[in-house]
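Notes follow once the structure below has been shown.
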Amino acid sequence: MSAAKATVPFDPRDPLGLDDLLDPEDRAVRDTVRTFAAERVLPYVADWYERGELPVIRELARELGAIGALGMSLTGYGCAGASAVQYGLACLELEAADSGIRSLVSVQGSLAMYAIHRYGSPEQKEQWLPRMAAGEVIGCFGLTEPDHGSDPAGMRTRAVRDGSDWVLTGRKMWITNGSVAGVAVVWARTEDGVRGFLVPADAPGFSAPEIRHKWSLRASVTSELVLDGVRLPADAALPGATGLGGPLSCLNHARYGIVWGAMGAARASFEAALDYATSREQFGRPIGGFQLTQAKLADMAVELHKGILLAHHLGRRMDAGTLRPEQVSFGKLNNVREAIGICRTARTILGANGISLEYPVMRHATNLESVLTYEGTVEMHQLVLGKALTGLDAFRG
Ligand code: TGC
Ligand code: FAD
């Protein structure tokens, strides 16, 4: 066997030739989302980030719906029925623009729509999914509470029966899309265990104040959900989900998207650093000519493309129906941790410019601080893997 030195050029942006893993349909999905991000997000996102708002979230949701990015790998109800790999490619392209936009899509499709699609009644699906797929209704997913984040089993939000109605009382915290959602999927304790409820935003007793003063995910709406005796009809409960396995199974899908998405933030930061290293001169030569800079770039490229390869492998397993939750934890743990490392290294290559919003790297690095924590912290995924490796559960000491 001989290396294809003469015929296959080396591409610094795809050094392993991972593009070969994609078929024409995959490339078409990727290119559509890449164009959307280039035209509708990248020119504006630094300004949104600086202002700490996502002012056009409703327009973006409709446009994302129009390109099939909402509930993308779900079937029916106006959803695109894309493969898991295609959904992953979309997450990567969106997060290469900003984690906040990928978050909007993850929460809409992988959490809120996924919960309804998997656990909802036929009527609930007909009522919500087509409008959510079109981006006409934004959804949110309320699991975390002020005192129960990593340990949702301790949740205090309660749903109690009153005749045939349900009455929900409690608070959810750090909820993406909360203040703009038309429907909130809220997980609450009942006498039969944890159940999911579809709470319309106009239900009396429900409010969703926005959380301000964030230094991460600034181009994303994050909210508290307040449920003050919210009365819902019997058919507001998701019939298919009883127990914590309901919300946790939705997380698998969203975490899978993050495995890809984090590599988008890493790619954007790596490419900014590569461009900078070849154009910025110090000591009379491009800084990319110094061995120390090359070592950084080489290590970043290795982790970036290993991470994409890992995401692709997990995507194929998801498409084959063989992906296990522990493997999703493996991917989320590795790819977010490596992505934040790549962004921080890119920041050093850009010197002082690295802290400016004129370049994307600091924005990506600070976004990834949230991504490192949400959808299961680094430590939770280490413990999931630790349990799978040893057979010993260390979550409770
Ligand atoms: P444990 O006893 O292990 O499990 C309870 C039941 O759930 C089942 N289960 C799962 N099912 C499917 N997929 C998974 N990944 C599952 N993990 C557990 C399990 O089999 C059991 O079922 P059953 O039938 O036996 O009752 O539960 P535990 O209380 O010991 O907790 C385990 C732990 C710590 C892994 C879990 O609580 C956890 O994952 N904690 C992290 C919480 C988290 O990730 N929250 C995310 C909130 S949503 C969010 O952050 C959105 S960010 C916005 C964006 O994405 O942009
Ligand atoms: P804690 O659980 O209090 O953890 C604090 C620290 O203790 C972490 O380092 C953790 O790993 C560590 N720790 C906890 N238990 C253990 C243990 N047993 N062993 C070792 N270490 C441990 N939630 C939603 O439900 N829906 C959303 O849409 C949503 N969006 C979010 C958006 C943003 C921008 C952010 C930042 C968060 C969002 N979250 C959302 C919440 C997120 O899922 C939680 O923040 C996360 O699960 C961690 O919970 P916590 O912040 O309460 O931290």
>> Counting other beta carbons within 10 Å of each residue's own, what order do 210, 375 fall into, fewest first?
In response: 210, 375
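For residue 218, what is the net charge nearby, where nearby means another residue's Cβ is under 13 Å from its Cβ and Lys, Arg count +1, Asp, Glu -1?
Working: positive: 51, 212, 214, 363; negative: 47, 50, 53, 98, 210, 369.
Residues close to residue 218 contribute a combined charge of -2.
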> Across 20 Å bins from the origin, how do the percents of Cα pairs in the chain run, short distances first?
Replying inline: 28, 56, 14, 1
> What is segment 139-242 by shape, rounded, prolate or oblate, if you read a ≥ b ≥ c off the alpha carbon gyration tensor as root eigenvalues and call it rounded for a/c under 1.5, prolate for a/b larger than b/c, and oblate otherwise?
Replying inline: prolate
> Among rounded, prolate and oblate, which fits segment 189-267 when a ≥ b ≥ c are the square roots of the eigenvalues of its C-alpha gyration tensor, a/c under 1.5 means rounded, and a/b larger than b/c means prolate?
Replying inline: oblate
>> Below 8 Å between Cα atoms, with a sequence gap of 6+, how large is the relative contact order for segment 44-120 in percent?
In response: 25 percent
> Local charge sum around residue 238 (other residues, Cβ-Cβ under 12 Å, Lys/Arg +1, Asp/Glu -1)?
Replying inline: +1
>> If you average the C-alpha positions of segment 212-262 and of segment 263-340 separately, how far apart do those two centres end up, in angstrom?
In response: 28 Å
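Among 79, 343, what is the fewest-to-most ranking by other Cβ atoms within 10 Å?
79, 343
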>> Give me P(r) over segment 11-133, computed from all C-alpha to C-alpha distances, binned every 5 Å, as integer percentages.
In response: 2, 11, 20, 22, 17, 13, 9, 4, 1, 0, 0
>> Of 175, 150, 254, which is farthest towards the positive pole of the chain's charge dipole, taken about the Cα centre with +1 and -1 on the beta-carbons of Lys, Arg and Asp, Glu respectively?
In response: 150
> If you bin every alpha carbon distance in segment 246-390 into 10 Å steps from zero, what whole percent lands in each bin?
Replying inline: 12, 38, 29, 15, 5, 1, 0
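Please list 269-282, 63-76 highest first by mean number of surrounding beta-carbon atoms within 10 Å per residue.
By packing density, highest mean first, the sequence is 63-76, 269-282.
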> Normalised by the number of residues in segment 139-242, what is the relative contact order in percent for Cα pairs under 8 Å and 6+ residues apart?
Replying inline: 31 percent
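Arrange the following residues from fewest to most other Cβ atoms within 10 Å of their Cβ: 313, 364, 253. Mind showing how you got there, number by number?
On the way: 313 16, 364 30, 253 24.
If I rank by nearby Cβ atoms, fewest first, I get 313, 253, 364.
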> What order do you get for 226-233, 184-191, 89-96 when each peptide is scored by the mean count of other beta carbon atoms within 10 Å, highest first?
Replying inline: 89-96, 184-191, 226-233
> Which whole-number percent is the relative contact order of the chain (Cα, under 8 Å, 6+ apart)?
Replying inline: 17 percent
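Every read-out reported here was derived from the displayed coordinates using simple, explicitly stated rules and does not represent laboratory data. Worth saying up front: this structure is predicted, and the values here are computed from it rather than measured. In this analysis, Cβ positions are derived from the backbone assuming ideal geometry, glycine residues included, and neighbour counts consider all displayed protein chains.
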